[in-house]
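The values are calculated or read from the model by the stated rules, or taken from the named source; none is laboratory data. Only a predicted model underlies this, so the values are computations on that prediction, with no experimental measurement involved. So basically every Cβ, Gly included, is an ideal-geometry build from the backbone, and we count neighbours across all protein chains shown.
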Amino acid sequence: MADKKITALTSLGTATAREDLLHVIDDPGTSPTNKKVTIGEFANALNAPVTLADSNVTLTEATHAGRIVIFPDVSADRTYTLPTPIAGMTFRFIGPTGLTAADGHDVILSAGTGNSIFFKGQIVHLDTTADENAEVVFSDQDSNETLQLNLPAAVDITCVGVSATVWQISGFVASAAAPAFAD
């Protein structure tokens, strides 16, 4: 069996279990080492949430993509900048964490600059004021590169890359002030 090519091995298909093993080459760029990982460990590592700092952050595919991205109770308005989209690259934002009341600062999701990378889609605004309305807030579908979450109390937003210039956005924000897309 040691001389079999990987392509000649039998597939587990739907019988794959979390305890099954994968062969991994750790650090292939500098000091390659053969290692093993269970499918469960592999899935957990790739899906571990990432908590952002209370600062402006430029997100990366390696650190943030495919994971739940948690933003904190920010101490000032903060901008979280997405990388250039790749079809299928996904970010799910939740937060703010650690709140005991609605945040007093804004969170801005930025797709880039110059309107060459932008958001398509819409999010639901759940108004937390006395009138407690819900409304859908739409991007202009062709140039909105920022989404400002005004005084967020709860957020669950997903951004999915659909091309090298478009982030499809959906989800909700609960806040006293409506979120706003802008160029």
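Pairing residues of the stretch 103-125 that are buried (at least 20 other Cβ atoms within 10 Å of the Cβ) with residues that are of a type in the set (Lys, Arg), at Cβ distances under 7 Å and at least 6 apart in sequence or on separate chains, gives VAL107/ARG78. Among the residues of the stretch 58-72, those identified as more than 13 Å from ILE157 (Cα to Cα) and either without any contact (Cβ under 8 Å) to a residue 12 or more places away in the chain or surrounded by 17 or more Cβ atoms within 10 Å (Cβ to Cβ) (or both) are LEU59, ALA62, HIS64, ALA65, PRO72. Residue pairs whose Cβ atoms lie under 7 Å apart, sitting 6 or more positions apart in sequence or on different chains, and linking a residue in the stretch 167-183 that is at pLDDT 95 or above and surrounded by 14 or more Cβ atoms within 10 Å (Cβ to Cβ) to a partner that is assigned to a strand (DSSP E or B) and aromatic (Phe, Trp, Tyr), are TRP167/PHE119; ILE169/PHE119; PHE181/PHE119.
Taking the listed residues ILE6, ILE39, ILE86, the one that is β-branched (Val, Ile, Thr) and in contact (Cβ under 8 Å) with a residue 60 or more places away in the chain is ILE86, with no other qualifying. Scanning the stretch 81-109 for residues that are under 19 Å from ALA177 (Cβ atoms), touching a Ser or Thr at 6+ places or on another chain (Cβ under 9 Å) and part of a strand (DSSP E or B) turns up PHE93, GLY95, VAL107, ILE108, LEU109.
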